[in-house]
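One structure below.
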Amino acid sequence: MPRPIPKNELEDIQRSLDFFPQGASLKQINQVLKSPLPPYTLHRRLAFLVKEGTIYTEGKARALRYKLHLAPEREIEKRSTPKERKEFVIPLSAISENIQKKISQPVQARTPVGYNRNFLEAYRPNVTRYLSEAVQQRLFDLGKTDGERPAGTYAREIFSRLLIDLSWNSSRLEGNTYSLLETERLLELNEIAEGKDLAETQMILNHKAAIEFLIDSAEETNINRQTVRNVHALLSDNLLADPKACGRVRSKTIGIGKSVYHPLVIPDVINECFGQILDTAKAIKNPFEQAFFLMVHLPYLQPFEDVNKRVSRLVANIPLIRLNLSPLSFMGVPKKTYINGLLAVYELNNIDLLRDVFIWAYERSCSVYSAILQTLGEPDPFRLRYRNILFETIANIVRERMDKKEAINAIKTKASQSIILEDQPRFIEVVELELRGLHEGNIARYRLRPSEYEAWNEVWH
């Protein structure tokens, strides 16, 4: 009698097909599976799903593609307005999917909870593991750079790119509406984007100051009160109602929007737990475990009046910067999934969803920064879908010798004219990333002549 097919494998395959609305090859499916399968095994699983009617095929031989049958409610979702559509989510484990459903219930259906100190005290450095040994090793293999060098050397080598990427992505997770190129112009030329709230501008400039602090003092910086309080002071500068609250552990009651979690209110206990978190983190030997521990427990405690999530994202980079590992820039992390991961920590003391986000985010960052990553895998379906418009937009910017300010307006105009509403933010991001990576060795794919590129490059830089 044949062995039953594990249900989680079939669910993982179905989730993977969500990334390929136009259909996917066997190889494409295997590359986004949570746990890749041997090709023959995956082929049998796909054949089972086809027979069951869950998926179907188009094409033959090398052109064969597997597509997901949409359930009636998914068809409705496909036809819904952009605001009603679900945000892109990263591949999640079955446990994380269930956690996300619990957290997505109306606030009235969730049980109010307070800070659980046992959640922190149950953690034993180098005994308790939020990340398995296998995951720690995989992240290390992805993130390691060449040789043993002074702390912060690698971050300094990629400083210009890291400064913009981390400032933009961390701010984006707070709802900041600056685009990537607008962020670049602000940080490089101190040019404030038109129509932006001053608080958004201040947020990005504060990220710059905090990142510079962490990299410049990488050899002396460690996980301690002084460092974390200074990071908070830099990130919160000119953003808090009480300027004295910058860099100080809070002494007032705060709430968490859209959550039933109520943080600690007694200042002495907040201070004690803050110290315990930092002492525990400092004792953790593995840099990835240390980084993730900080991303869990700093926001959970809410040691400051505001800006706690931003602090945790930057402080999580300290062990990575010190050991010359690829940094974590949170590139492409969906805001909703990240927030749901934190809500699961706040309300359920569950780390599974946030852990999935952390691992995916680090692997994504390594695809940009890590010297050991040799391939980016199959083409991005989004770039394939808009290939001609992307190439046309980039080529036009170069041929018209646009500077960054002119390019920002041109990209937004093109997006509004040619791209469906829900895809416009991603289109703008992709064009801006392509422009930042344009060089004399890849201009041929845009059918640009060297003379056109050289003339544009003088204006661009």
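Where helices (runs of 4 or more DSSP H) fall entirely within the range 88-175, those with at least 1 residues that are aromatic (Phe, Trp, Tyr) are at 117-121, 133-143, 153-157, 159-172. There is no residue in the range 304-325 that is over 16 Å from residue 227 (Cα atoms) and either among the hydroxyl-bearing types (Ser, Thr, Tyr) or without any contact (Cβ under 8 Å) to a residue 12 or more places away in the chain (or both).
Yes or no, residue by residue, for (1) under 26 Å from residue 427 (Cβ atoms); (2) at pLDDT 95 or above:
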residue	(1), (2)
301	no, yes
307	no, yes
313	yes, yes
316	no, yes
326	no, no
336	yes, no
341	no, yes
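Could you tell me whether the range 257-265 includes any residue that is over 17 Å from residue 233 (Cα atoms), outside any helix (DSSP H, G or I) and of a type in the set (Ser, Thr, Tyr)?
Looking only at the range 257-265, we keep the residues that are over 17 Å from residue 233 (Cα atoms), and these are 257-265.
When the remaining residues are screened for being outside any helix (DSSP H, G or I), the result is 257-265.
Checking the rest, the ones that are also of a type in the set (Ser, Thr, Tyr) come to 259, 261.
Taking every residue of the range 257-265 in turn, at least one turns out to be over 17 Å from residue 233 (Cα atoms), outside any helix (DSSP H, G or I) and of a type in the set (Ser, Thr, Tyr).
Can residue 346 be described as under 20 Å from residue 210 (Cβ atoms), hydroxyl-bearing (Ser, Thr, Tyr) and either at pLDDT 90 or above or not in a helix (DSSP H, G or I) (or both)? Judged against the criteria, residue 346 is not a match. Of all residues in the range 381-404, those that are over 26 Å from the mean Cα position of the chain (by Cα), under 22 Å from residue 192 (Cα atoms) and part of a helix (DSSP H, G or I) total 1.
Please indicate, with yes or no, whether at least one residue in the range 355-370 is acidic (Asp, Glu), in contact with a helix residue (DSSP H, G or I) (Cβ under 8 Å, 6 or more places away or on another chain) and in the same structural domain as residue 233 (by TED's automatic domain parsing). Yes; the residues of the range 355-370 include at least one that is acidic (Asp, Glu), in contact with a helix residue (DSSP H, G or I) (Cβ under 8 Å, 6 or more places away or on another chain) and in the same structural domain as residue 233 (by TED's automatic domain parsing). The single residue among 324, 286 that is crowded, with 22+ Cβ neighbours inside 10 Å, of a type in the set (S, T, N, Q) and closer than 21 Å to residue 137 by Cα turns out to be 324. Scan the range 167-182 for residues that are farther than 19 Å from residue 336 by Cβ and modelled with pLDDT of 95 or more and jot them down. Once the filter is applied, which keeps residues that are farther than 19 Å from residue 336 by Cβ and modelled with pLDDT of 95 or more, the range 167-182 yields only 167.
The values are calculated or read from the model by the stated rules, or taken from the named source; none is laboratory data. Because the structure is a prediction, the values reported are computed rather than measured. No Cβ is skipped: glycine too gets one built from the backbone with ideal geometry, and neighbour counts run over all protein chains shown.
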